[in-house]
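Below is one structure, written out as structure tokens, with a few remarks after it.
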Amino acid sequence: VPPAFATILQSMKPGQVTEPVRGPSGFQIVQLEEVRQPQHEKVTQYRAQDILVATSDTVSAEAARAKAEALRARIVAGADFAVVAKEASDNAQTRASGGDMGWFQADALGTAVGAQVKQLADGELSPVFQSDAGFQLIKRTGVREQDVTEENRRNQAREIIGQRKAEESFERF
């Protein structure tokens with residue numbers, strides 16, 4: 001919408017018609033059909049800590065599960081989750097922070113992690129479960145509803161700009 005019309009439209013109500021307005025291509029009459037209310041998009045985000053025991057060519061699934069069960073037993077017996085995560089987790093991204101995964105949407109880290117974190121209450125420790133990376137323990141530390149409307153708008157704008165630049169490059173080629 002040209003800026004000249006945008007300022008006029010802000011003061012109008014649905015159904016109103018303007019007097020003739022000089023625009024970039026001549027005189028125009030504008031009628032406001034409807035006003036859409038902004039849609040707020042909310043998502044549930046979780047905060048959790050994790051311990052990963054990775055499987056590999058040298059670590060079998062049975063050995064990884066046994067190690068994860070032993071780590072869980074230490075935590076249940078009273079060991080601090082963060083200390084155990086720093087000592088034993090194979091997750092290089094979260095190990096230094098005591099397993100803290102930050103805020104994330106349930107299935108952003110895989111369906112196995114998402115299923116576990118949804119079932120837990122805050123402060124509760126999951127059983128050992130298998131994920132794509134190996135065997136994991138999760139301790140949920142929080143849940144919140146987050147408004148992601150502005151983030152989604154920015155992502156859409158980035159995508160549109162990227163598509164335009166790609167089209168311009170293609171045309172130049």
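Looking at the range 49-66, which of its residues are surrounded by 19 or more Cβ atoms within 10 Å (Cβ to Cβ) and part of a helix (DSSP H, G or I)?
Hit for the range 49-66 is ALA64, nothing else.
Any idea which of VAL148, VAL143, VAL76, VAL84 is out of contact with any Lys or Arg (no Cβ under 8 Å at 6 or more places or on another chain) and β-branched (Val, Ile, Thr)?
Exactly one residue qualifies, and that residue is VAL76.
Here's a check for you: in the range 120-173, which residue that is surrounded by 10 or more Cβ atoms within 10 Å (Cβ to Cβ) and among the hydroxyl-bearing types (Ser, Thr, Tyr) is farthest from THR94 (Cα to Cα)?
THR149
Write out, first by first residue and then by second, each pair whose Cβ atoms fall under 8 Å of each other, whose residues are 6+ apart or on separate chains, and whose first residue, in the range 151-173, is in a helix (DSSP H, G or I) while the second is modelled with pLDDT under 85.
The qualifying pairs are ASN152/GLU41.
Name the residue that is nearest to the chain's Cα centre (by Cα), counting only residues in the range 107-142 that are in a strand (DSSP E or B) and polar (S, T, N, Q).
THR141
Mind listing whichever residues of the range 16-42 are open to solvent by 90 Å² or more (accessible area, probe 1.4 Å) and closer than 30 Å to GLU151 by Cβ?
GLU33, GLU34, ARG36, GLN37, GLN39, HIS40, LYS42
Of all the residues that make up the range 91-102, how many are closer than 15 Å to ASP122 by Cα and surrounded by fewer than 14 Cβ atoms within 10 Å (Cβ to Cβ)?
1
Given (1) within 14 Å of LYS139 (Cβ to Cβ); (2) surrounded by fewer than 18 Cβ atoms within 10 Å (Cβ to Cβ); (3) of a type in the set (Val, Ile, Thr), identify the lone condition not met by VAL84.
All conditions are met except number (2).
Where the second residue is of a type outside the set (Gly, Ala, Ser) and open to solvent by less than 70 Å² (accessible area, probe 1.4 Å) and the first is without any contact (Cβ under 8 Å) to a residue 40 or more places away in the chain and lies in the range 70-83, which pairs have Cβ atoms under 7 Å and are six or more apart or on separate chains?
Listed pairs, sorted by first residue: ARG74/VAL84; ALA82/GLN49.
When you check VAL148 against the structure, is it β-branched (Val, Ile, Thr) and either over 18 Å from the mean Cα position of the chain (by Cα) or under 30 Å from THR58 (Cα atoms) (or both), yes or no?
When the stated conditions are applied, VAL148 does not pass them.
Output the residues belonging to the range 107-124 that are more than 12 Å from ASP50 (Cα to Cα) and hydrophobic (A, V, I, L, M, F, W, C).
Answer for the range 107-124, where residues must be more than 12 Å from ASP50 (Cα to Cα) and hydrophobic (A, V, I, L, M, F, W, C): ALA108, ALA112, ALA115, LEU120, ALA121.
Please go through the range 45-58 and pick out each residue that is β-branched (Val, Ile, Thr) and touching a helix residue (DSSP H, G or I) at 6+ places or on another chain (Cβ under 7 Å).
Those that are β-branched (Val, Ile, Thr) and touching a helix residue (DSSP H, G or I) at 6+ places or on another chain (Cβ under 7 Å): ILE51, VAL53, THR55.
The values are calculated or read from the model by the stated rules, or taken from the named source; none is laboratory data. A quick note: this is a predicted structure, and the numbers were derived from the prediction, not measured. Backbone-built Cβ (ideal geometry, glycine too); neighbour counts: all protein chains shown. Quick note on the areas: whole protein, heavy atoms, side chains included, nothing else; ligands and nucleic acids left out. Shrake-Rupley method; radii C 1.70, N 1.55, O 1.52, S 1.80 Å.
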